[in-house]
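Below: one structure, written as structure tokens.
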Amino acid sequence: MAYLDHNATSPLRPEAMAAMQRVFEFAGNPSAIHRSGRAARALVDNAREQVARFVNANTNDIVFTSGGSEANALALWGAVQGAADSAAPVTRLLISAIEHDSVLKTAEAIAERTGIERVTIPVNQGGVVDLDALERQLNTTGRAFAAVMAANNETGVVQPIDEVALRVRGANGLLLVDAVQACGKMEIGFPALGADYLTLSAHKFGGGQGAGALVMKGSAPFAPQIPGGQEKGRRGGTENVIGIAGFGAAAAAYAARVDVLQIARLRERFESALRTRFPDVVIFGEASSRLPNTSNFAIAGIPAETAVIALDIDGVMVSSGAACSSGKVRASHVLQAMGVPRELASCGLRVSFGWDSSDSDVDVALAALDRLVSRIRERKAA
């Protein structure tokens, strides 16, 4: 078996599992004032400190959510509604073409319901956002809200956020950086990024599913979307103590920096072997700066939909370059935005390593790919 889909979900780190198991030892609502409630509150507060250190933020900057998708939607709606009655309301949404669906679809909904203009910012063939196009849009009348992810979930291509932030600040705009895939794979420092809003998700780097965070500047416009007193009135609802505890423990474990060099070595070994075995392989975004763990590639004539199933039967878990929704497969909007021909994009496979990956995973995956490609090409040649 080889689990190589860490960008979808990374297995629980033992530190996160231990922290989550401790929560089962008592029943306590973190808003209650009795001892069990205070114990639950202490766990949440400790995790908030751990996550704040993880991204070099202040604890007051952290709003816990159910995950990255909610955090992205909360940032978009919160900013638009929070600035609506100010002297500088948001009049335009500038969304990079490769954003996660939680950003793309929320921006679409905001545009439909409010009439705020939504503009797509293109990327080049390497998957990097077009800074000139962004600057042209920022210089148009009205205050802009820009969304550019730190690193793409499909290709791993890292975006020039420092340059993006410089341009957005110069135009008095607001910036959301989706760092869900970047955290745990590269250093992320909230103040240094220059973003107004940053989003995180625990299960992408060894925490549990169902816990994430919106990190935001105290001066950033914001209106809560779920009423309630929790999270200092910014996100109502009883906190997910179990998930938050695991989130904090995973963040603290990454701070030790025990994984990044190892996963970078594994990715390099995997791609080197791919080029040797399959000279016609195309690795998307390889000329750009990428996350150390992610490889999105295509071998011509090997359909991704077939490959994902065949590899799974052979004990190798990867994902397709296409996104699946309700059992239907559609072309990857990321590869389309990069100008990849549809026929080649339909062959895109994503391998993503993580904290528990090993050389054995690489060996198993390469052997399975050898068998798969040989079977398909022999069948076509017959």
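The values are calculated or read from the model by the stated rules, or taken from the named source; none is laboratory data. Please read all numbers here as calculations on a predicted model, not as lab measurements. Backbone-built Cβ (ideal geometry, glycine too); neighbour counts: all protein chains shown.
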Exercise. Go over the candidates A57, A40 one by one and state the one that is outside any helix (DSSP H, G or I) and of a type outside the set (S, T, N, Q).
Key: A57
Exercise. Output the number of the condition that I283 fails; it satisfies all remaining conditions of (1) out of contact with any Phe, Trp or Tyr (no Cβ under 9 Å at 6 or more places or on another chain); (2) surrounded by fewer than 17 Cβ atoms within 10 Å (Cβ to Cβ); (3) at negative phi.
Key: (1)
Quiz item: Restricting the first residue to segment 101-114 and requiring it to be under 19 Å from E154 (Cβ atoms), which pairs with a second residue that is outside any helix (DSSP H, G or I) meet a Cβ separation below 6 Å and a spacing of at least six or different chains?
Solution: V103/A147; A107/L93; A107/I95; A107/R118
Quiz prompt | Residue list for segment 194-223, restricted to those being surrounded by fewer than 23 Cβ atoms within 10 Å (Cβ to Cβ) and among the hydroxyl-bearing types (S, T, Y) | solution = S219
Quiz item: Of everything in segment 23-54 that's among the β-branched types (V, I, T) and closer than 16 Å to A211 by Cα, which residue is surrounded by the most Cβ atoms within 10 Å (Cβ to Cβ)?
Solution: V51
Practice problem: Can you tell me which residue among G237, G208 is of a type outside the set (V, I, T), in contact (Cβ under 8 Å) with a residue 40 or more places away in the chain and in contact with a helix residue (DSSP H, G or I) (Cβ under 7 Å, 6 or more places away or on another chain)? | Solution: G208
Self-check item: Inter-residue pairs, beta-carbon under 9 Å, first among the polar types (S, T, N, Q) and in segment 41-68, second at pLDDT below 95 and buried (at least 21 other Cβ atoms within 10 Å of the Cβ), 6+ apart
Solution: N56/I188
Quiz prompt | Candidate set from segment 110-154 (those that are hydroxyl-bearing (S, T, Y) and part of a loop (DSSP other than H, G, I, E, B)); member that is nearest to V334 (Cα to Cα) | solution = T140
Quiz prompt | Test: L12 is assigned to a loop (DSSP other than H, G, I, E, B) and surrounded by 15 or more Cβ atoms within 10 Å (Cβ to Cβ) | solution = yes
Practice problem: Could you list, in sequence order, all residues of segment 287-308 that are in contact with a helix residue (DSSP H, G or I) (Cβ under 8 Å, 6 or more places away or on another chain) and in a helix (DSSP H, G or I)? | Solution: T306, A307
Practice problem: Please verify whether segment 97-115 includes one or more residues that are in contact with a Pro (Cβ under 8 Å, 6 or more places away or on another chain) and of a type outside the set (A, V, I, L, M). | Solution: no
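Okay, residues lined up against (1) charged (D, E, K, R); (2) over 30 Å from D370 (Cα atoms); (3) assigned to a loop (DSSP other than H, G, I, E, B):
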{"residue": "G207", "(1), (2), (3)": "no, yes, yes"}
{"residue": "E239", "(1), (2), (3)": "yes, yes, yes"}
{"residue": "A253", "(1), (2), (3)": "no, yes, no"}
{"residue": "A273", "(1), (2), (3)": "no, no, no"}
{"residue": "G285", "(1), (2), (3)": "no, no, yes"}
Practice problem: Mind telling me which of the residues A19, A47 ends up being in a helix (DSSP H, G or I) and either over 20 Å from R234 (Cβ atoms) or at pLDDT below 95 (or both)? | Solution: A19
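The rows are residues; the columns are (1) of a type in the set (A, V, I, L, M); (2) closer than 23 Å to L200 by Cβ.
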{"site": "T120", "(1), (2)": "no, no"}
{"site": "N124", "(1), (2)": "no, no"}
{"site": "V129", "(1), (2)": "yes, yes"}
{"site": "V148", "(1), (2)": "yes, yes"}
{"site": "A151", "(1), (2)": "yes, yes"}
{"site": "T155", "(1), (2)": "no, yes"}
{"site": "I161", "(1), (2)": "yes, yes"}
